[in-house]
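Let me begin by presenting the structure, written as structure tokens, before commenting on it.
Derivation of every value follows stated rules applied to the coordinates shown; laboratory data play no part. On a predicted model such as this, the values are computed, not experimentally measured, just so you know. A quick note on method: Cβ atoms are made from the backbone with ideal geometry, for glycine too, and the neighbour counts reach across all protein chains shown.
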Amino acid sequence: MATASSYEGGSKLIGGKKGSWVKCSPEGNTRIVVMGVKWVRNGRVVRLRGLPFDCLESDVAEFLHGLDIVDVLFVHKGGRFSGEAFCVLGYPLQVDLALQRNRQNMGRRYVEVFRSKRHEYYQAVAAEVSEMSGGPGGSPRQSVPRARSYDDGKDAAEHTGVLRLRGLPYSAGKDDVLDFFKDFGLSEDSVHIVVNSEGRPTGEAFVEFANATDSKAAMVKDRMTLGSRYIELFPSSVEELDEAVSRGR
């Protein structure tokens, strides 16, 4: 396996199977698989700064409308979104187009766009993995702090057997979602990746479980990680699923 990049303290990302990456310590005894992080060629990365703190991947896609987005990585510090993100584009020439959006508004905030490098993106991925594992010497954590009212709202919601997922990597497919819910014996037909009118993933998906009991049990996966992303889960319905799928047709 070929080394992708080295980081402070000697940790590094090395290529894994099926487009995954593994973060290793210098001694080789700390290995964290980062699914969905693919090899990125130089000259295809931009960094966004000043994003709203409730920003979603779909907001970034709209801000960079017309460009081919391979991945969006939100940067967290201390478990909180920092307002920065790295965006991997499909072609080098699109970086110049993205830079033309510098200081344009997203909502009420203007967003700065900077040219970035491949190794900076990989460093950010490694930092996100470190955040998720509790940092150097820390204990692994599966979620970030949430407000009690936010959790209570989810707990009180009625379950119909359908969950909505938010925050998926753009590169995530049905197999990744099935692996995320591997304890529930789902089939490919039960996973619906949401795409926009141009056929591009929005970072959302819907999953149909056998019954409401299973979907409620699956909420234990809320804010757990798929690759370097925290995946949010919301109780949903067949009607909301059908509406989201029809928008992408």
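Side notes on the structure shown:
- Gap separating the Cα centres of region 88-124 and region 216-249, nearest whole Å: 27 Å
- Flagged links, alpha-carbon separation over 22 Å, of 117/221; 77/174; 174/221; 77/117; 174/216: 117/221; 77/174
- Amide H to amide H, with H built 1.01 Å from N, residue 227 comes under 5 Å of 35, counting only residues 5 or more places away or on other chains.
- Cα-projected label distance for residue 247 with residue 99, points at 7 Å along beta-carbon direction, nm: 3.3 nm
- Loop-resident GluC sites (Glu not before Pro) (DSSP state other than H, G, I, E or B) in region 156-218 with no more than 11 further Cβ atoms inside 10 Å of their Cβ: 158, 198.
- Length gained when the stretch residue 197-residue 219 is fully extended (0.36 nm per residue, less Cα-Cα span): 5.0 nm
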